[in-house]
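Reviewing the structure listed below.
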Amino acid sequence: MKKLIELDAALSAIGEVPTYNDGMVFEALSHAQRDVELLPTVDAAPVRHGQWKRHYCEDDGLPDGWQCTACGEWYYFGENKPNYCPNCGARMDGKDGKDGDNETD
Ligand SMILES: [Zn+2]
């Protein structure tokens with residue numbers, strides 16, 4: 001799997017290039033900065049994680065829906081829940097979900 005880095009973080013790691021030419025350090029930093037800036041970039045957003053939290057009807061105790069733990073939106077999927085929340089796009093792998101009494105499957 002490819003790993004992405006943030007362009008500004010990479011440039012920050014290189015550090016400030018001195019405004020004056022002091023020899024090999026100036027040349028090395030200038031080349032590193034230029035090479036990083038020429039790398040291909042993609043627009044990326046952080047991956048949200050969540051899980052489906054099952055809810056039960058207060059009157060009869062029967063299942064009555066699923067709630068996304070990332071955005072709080074409710075859905076009535078039955079047992080075939082999607083792997084991603086249709087509202088917020090969270091990946092439903094439970095990585096950022098809360099442990100405890102949530103039913104996930
Ligand atoms: Zn959601």
key: In segment 5-19, the residues that are at pLDDT 85 or above and either part of a loop (DSSP other than H, G, I, E, B) or among the hydrophobic types (A, V, I, L, M, F, W, C) (or both)   = Ile5, Glu6, Leu7, Ala9, Ala10, Leu11, Ala13, Ile14
note = For segment 54-74, pairs from a residue that is within 11 Å of Cys85 (Cα to Cα) and among the hydrophobic types (A, V, I, L, M, F, W, C) to a residue that is modelled with pLDDT under 90 and in a loop (DSSP other than H, G, I, E, B), with Cβ under 7 Å and 6 or more apart or across chains, are Trp66/Phe77
ask   = So, in segment 68-86, of the ones that are closer than 21 Å to Tyr56 by Cβ and aromatic (Phe, Trp, Tyr), which residue ends up farthest from the ligand (Cβ to nearest atom)?
value = Tyr76
message = I need the full set of residues from segment 20-59 which are within 16 Å of the ligand (Cβ to nearest atom), surrounded by 10 or more Cβ atoms within 10 Å (Cβ to Cβ) and part of a loop (DSSP other than H, G, I, E, B), in order please.
response = Val47, Arg48, Gly50, Gln51
key: Pairs with Cβ under 7 Å, 6+ apart, first in segment 14-31 and at positive phi, second among the basic types (Lys, Arg) and assigned to a helix (DSSP H, G or I)   = none
key: Within segment 60-86, considering residues that are at positive phi and assigned to a loop (DSSP other than H, G, I, E, B), the one modelled with the lowest pLDDT   = Gly78
ask   = Which one of Gly100, Gly89 is at pLDDT below 95, near the ligand (Cβ under 10 Å from one of its atoms) and surrounded by fewer than 15 Cβ atoms within 10 Å (Cβ to Cβ)?
value = Gly89
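The values are calculated or read from the model by the stated rules, or taken from the named source; none is laboratory data. These numbers come from a predicted model, not from an experiment. Cβ: placed from backbone, ideal geometry, glycine included. Neighbour counts: every protein chain shown.
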